[in-house]
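Report on the structure given below.
Nothing in this text is a laboratory measurement; each read-out follows from the coordinates by a stated rule. Just so it is clear, the structure is predicted and the values come from calculations on it, not from any experiment. Neighbour counts run over all protein chains shown; Cβ positions are idealised from the backbone, glycine included.
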Amino acid sequence: MKNKTIRLSDLRKGESCVIESFTDEQMKQKLLEMGCLPGEVITVDRFAPLGCPMAISVSGSVLSIRTDEADSVIVRILSE
């Protein structure tokens with residue numbers, strides 16, 4: 001499963017991944033401006049009590065994104 005690509009929103013707390021691509025151009029621009037570049041490693045830190053938003057670590061920063069935004073990020077899992 002380590003080479004399989006999935007959506008960022010499918011990851012669980014503590015999992016790490018590498019950004020592969022984006023499925024939404026508008027969201028892509030927003031995420032690129034926040035430092036979510038293809039090839040960057042992301043770690044899922046935590047989820048809000050109802051599951052949205054999710055906190056992720058990327059490039060030394062912690063970002064909060066909604067799950068519908070995370071749906072547009074295609075990633076490759078690094079650890080489970």
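How large is the dipole of the chain about the Cα centre if only Lys and Arg carry +1 and Asp and Glu carry -1, each at its Cβ, rounded to the nearest 20 debye?
220 debye
Compute the projected area of the convex hull of the Cα atoms of region 5-79, averaged over all viewing directions, and report it in nm² to one decimal place. Provide the component values of the computation, followed by the final result.
On the way: hull surface 16.6 nm².
It is 4.1 nm².
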Tell me what the chain gives for mean residue ellipticity at 222 nm when only DSSP H runs of n ≥ 4 count, each as -39,500 (n - 2.57), the sum divided by the residue total, rounded to 500 deg cm²/dmol. -4000 deg cm²/dmol
Looking at the chain, which trypsin sites (Lys or Arg not before Pro) are DSSP coil and have at most 11 other C-beta atoms within 10 Å of their C-beta? LYS2, LYS4, ARG12, LYS13
